[in-house]
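The values are calculated or read from the model by the stated rules, or taken from the named source; none is laboratory data. This one's a predicted model, so the numbers in the text were calculated from it and none came from an experiment. A quick note on method: Cβ atoms are made from the backbone with ideal geometry, for glycine too, and the neighbour counts reach across all protein chains shown.
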């Protein structure tokens, strides 16, 4: 009953989340330069900080980009490849999925990269599994577990061997995933109907009825939840989703959102601008702007 009422009160937000979910599935057909035009990134799918050197990386429709200055990015390895589900798991260690570049695509090959991994900060990538079949829009490590949402099956997949083999969960319309090593069998999922949680690795879900309607979610140590809503508000829960407070506000819906830690938050806007907070979401400053 709560979610039916929520749709009535927050109809515009729900529509925005549905559009965001649908839009991700159309990324492979997006023309060059529609967003982030000056940098040629295309739609931003992910953000992360490499612990090896503290560099900010932006995963876009037209490649992986390293931020050199607030107005300059460089395309890693000059590779024009769509990076979906991008996440940094350790120094120089990246995971992603997505679609091959135009020059690598062929009619004989399904346009899905499955799970790919880099151990040299994106210079080279190795296929781990599901090449040609899975299109993971969100990838989330959690201790010995790895979770990924596959847009082709509309299911959250779980791996206990680093993504070599998978177990598929129940079907859900997932936008983003969140999990932590402390509760490795617990995975949170943002959906157009609200935030949900699974305590059995994605097999079954329960509604978190007290949670705001979020597009993105991250889980920090201590089971602290940090999420962004379609209206730009940043919400924080210190108790696994039982209670929530508003930390601050973005200027609009985030295309990508990452909580590096409790104080440092990253958000990419629809125009390719990347904002950074160093005070837990209270204020945001521009980390990169494609407009210069």
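Counting the residues of the range 239-264 that are out of contact with any helix residue (DSSP H, G or I) (no Cβ under 9 Å at 6 or more places or on another chain) and assigned to a loop (DSSP other than H, G, I, E, B) gives 14. Of the residues 232, 248, 252, 169, the single one that is over 23 Å from residue 275 (Cβ atoms) and over 15 Å from the mean Cα position of the chain (by Cα) is 169.
Against the list (1) within 22 Å of residue 65 (Cβ to Cβ); (2) surrounded by fewer than 20 Cβ atoms within 10 Å (Cβ to Cβ); (3) in contact (Cβ under 8 Å) with a residue 24 or more places away in the chain, the condition residue 284 fails is (2). For the range 205-228, the tally of residues that are under 19 Å from residue 279 (Cβ atoms) and touching a residue at least 60 places away in the same chain (Cβ under 8 Å) stands at 0.
Where in the range 158-202 are there strands (runs of 3 or more DSSP E), lying wholly inside it, with at least 2 residues that are in contact with a strand residue (DSSP E or B) (Cβ under 7 Å, 6 or more places away or on another chain) and either closer than 13 Å to residue 141 by Cβ or free of Cβ contacts under 8 Å to residues at least 40 places away in the same chain (or both)? Once the strands (runs of 3 or more DSSP E) in the range 158-202 are filtered for at least 2 residues that are in contact with a strand residue (DSSP E or B) (Cβ under 7 Å, 6 or more places away or on another chain) and either closer than 13 Å to residue 141 by Cβ or free of Cβ contacts under 8 Å to residues at least 40 places away in the same chain (or both), what remains is 167-171, 176-178. Whenever a residue of the range 61-78 is on the phi > 0 side of the Ramachandran plot and outside any loop (DSSP other than H, G, I, E, B), its partners that are surrounded by fewer than 16 Cβ atoms within 10 Å (Cβ to Cβ) and at pLDDT 95 or above, lying with C-beta atoms within less than 6 angstrom and at least six residues away or across chains, give the pairs 77/123.
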